[in-house]
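Trainee: Take this structure first; my questions come after.
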Amino acid sequence: MNISEVREKIENGVSVVQDFIYEKGKAAVAAIVALFVLIIALVILLLNQCSQSQKNKQIKVIESIVPKEQLFFPKSESLEDGYYLSRPQNLSWDENEVNKWFEEPDESRIKDLSKSNDNLIEGILGAVQ
């Protein structure tokens, strides 16, 4: 297609629109204006939907919170001195920690634990035939 063919098609289209306007008059102008307004409204709606979908896809980045001062924990009867709410985990205890935190269970505690375990097992297996 060359330029002269494109020019002819455009001129034909313009003449068709002009003939339609001359024949129909005000109704034709109103129809064209209504069509133009409808197209603009659809374009605005489409752009609005696209911008909302892009807003929903954006990932919100939350910066980490850095305290300005060291956190203060009030004294509590349930917390011992030297108890940390967050501390590094050691895979094994040293001798001092074993002496401080571990206590050997006595015979009565072992019997109580055994009895409670037997009750749990009986409750689980009690309905089995």
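Trainee: Only one of Ser92, Ser116 is open to solvent by less than 100 Å² (accessible area, probe 1.4 Å) and either assigned to a helix (DSSP H, G or I) or in contact with a Phe, Trp or Tyr (Cβ under 6 Å, 6 or more places away or on another chain) (or both); which? Step through it out loud before you land on a result.
Mentor: On the way: Ser92 fails: either assigned to a helix (DSSP H, G or I) or in contact with a Phe, Trp or Tyr (Cβ under 6 Å, 6 or more places away or on another chain) (or both).
It is Ser116.
Trainee: Within the bounds of segment 45-53, is there any residue that is over 30 Å from Lys100 (Cα atoms), at pLDDT below 70 and in a loop (DSSP other than H, G, I, E, B)? Explain how you work it out, then say what you get.
Mentor: Restricting attention to segment 45-53, the residues satisfying the condition of being over 30 Å from Lys100 (Cα atoms) are 45-53.
Imposing the further condition that a residue be at pLDDT below 70 reduces the set to 52-53.
Cutting the leftovers down to in a loop (DSSP other than H, G, I, E, B) gives us none.
Taking every residue of segment 45-53 in turn, none turns out to be over 30 Å from Lys100 (Cα atoms), at pLDDT below 70 and in a loop (DSSP other than H, G, I, E, B).
Trainee: Please identify the pairs in which a residue from segment 1-28 that is part of a helix (DSSP H, G or I) has its Cβ atom under 9 Å from the Cβ atom of a residue that is surrounded by 10 or more Cβ atoms within 10 Å (Cβ to Cβ) and among the aromatic types (Phe, Trp, Tyr), counting only partners at least 6 apart or on another chain.
Mentor: Going by the 9 Å Cβ cut-off, the qualifying pairs are Ala28/Phe20.
Trainee: Here's something else I'd like to know. Spot the failing condition for Glu80; the list is (1) more than 30 Å from Phe20 (Cβ to Cβ); (2) open to solvent by 80 Å² or more (accessible area, probe 1.4 Å); (3) modelled with pLDDT of 80 or more, and only one is missed.
Mentor: (3)
The values are calculated or read from the model by the stated rules, or taken from the named source; none is laboratory data. Since this is a predicted model, take the numbers as computed values, not measurements. Using ideal geometry, Cβ is built from the backbone for each residue, glycine included, and neighbour counts are taken over all protein chains shown. Heavy atoms of the whole protein, side chains included, go into the accessibility calculation; ligands, DNA and RNA do not. Shrake-Rupley method; radii C 1.70, N 1.55, O 1.52, S 1.80 Å.
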